Amino acid sequence: MFHDIPLPVKERMDFLERLNAEHRKDNVDHWQRLRQVPPETGRFLALLAARAPQGKFLEIGTSGGYSGLWISLALRHLAGTLTTFEIREEKVRLAQETFSKAKVDDIIEIIHGDVLDFLSKYDGVAFCFLDAEKEVYETCYDILVPNMVTGGILIADNIISHKEILEPFAQKAFNDKRVDALVIPIGNGELVCTKV
């Protein structure tokens, strides 16, 4: 998977990494900058996605499409598709460009809008990457977990970098008998939950 990343995907990953670095260097406004995962987290997502059971693959918070590209590497091997949700119009446009240029727009669908308007319609969820505004994490979790297949994987980003905000959410997952959960100290910290 990592040894044969298609050139269009690699080129777009490189572009987004450069753009993200520029945004951080120039202190671009919080809402405008990409806020994407680092490459090591992308690899981690691809590894877990490749081992997810059969079912629907979701991403909450598309941004420029960087994490979606990593997940797409697994989906090519699984012959699966990804549905990703993004609320900000300018990021939807950037992600559409990303998926088109990387030639993965046949396996990734972007839904523009508030994920909470759509999420309850998705059952049989095998994999979900949650990387959105932190105040929606717990609500998304409450909707997702009952709709996940056994062995399904939910990954929530920023669990260490935003610990002061997300600690109650993390504790909820740790105490939820429907999932096994742990924190992986990679990137900004990933809470990984698997449906029991």
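Tabulated data
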{"read-out": "Residues Arg51, Arg12 arranged by fewest to most Cβ contacts within 10 Å", "value": "Arg51, Arg12"}
{"read-out": "Theoretical gain in end-to-end length, Ala79 to Glu138 [0.36 nm per residue, Cα-Cα removed]", "value": "18.2 nm"}
{"read-out": "Additional length obtainable on full extension of the chain from Arg18 to Arg88, 0.36 nm per residue less Cα span", "value": "23.1 nm"}
{"read-out": "GluC sites (Glu not before Pro) lying in DSSP loop within the stretch 80-164, provided at most 13 other Cβ fall within 10 Å", "value": "Glu133"}
{"read-out": "Estimated Rh, the chain: Kirkwood, alpha-carbon pairs, angstrom", "value": "16.6 Å"}
{"read-out": "Candidates per trypsin sites (Lys or Arg not before Pro) in the stretch 60-131, loop by DSSP, up to 14 other Cβ within 10 Å", "value": "Lys103"}
{"read-out": "Order of Tyr122, Tyr137 under a 10 Å beta carbon neighbour criterion, fewest first", "value": "Tyr122, Tyr137"}
{"read-out": "Under-5 Å amide H pairs with Leu82, H placed in peptide plane, nonlocal only", "value": "Ile108, Glu109"}
{"read-out": "Length added when fully stretched, Lys163-Gln54, from 0.36 nm per residue minus Cα-Cα", "value": "36.1 nm"}
{"read-out": "Nearest-20 debye value, the stretch 7-195 charge dipole, Cβ charges on Lys, Arg, Asp, Glu", "value": "540 debye"}
{"read-out": "Backbone HN-Hα couplings from phi across the stretch 73-79 [Karplus 6.51/-1.76/1.60, Hz, Gly and Pro as x]", "value": "4, 5, 5, 4, 6, 8, 6"}
{"read-out": "Distance cut-off 20 Å, percentage of C-alpha pairs in the stretch 39-124 lying past it", "value": "30 percent"}
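Every number here is computed from the coordinates shown, using simple stated rules; none is lab data. This is a predicted model, so every value here is computed, not measured. We place every Cβ from the backbone using ideal geometry, glycine too, and count neighbours over all the protein chains shown.
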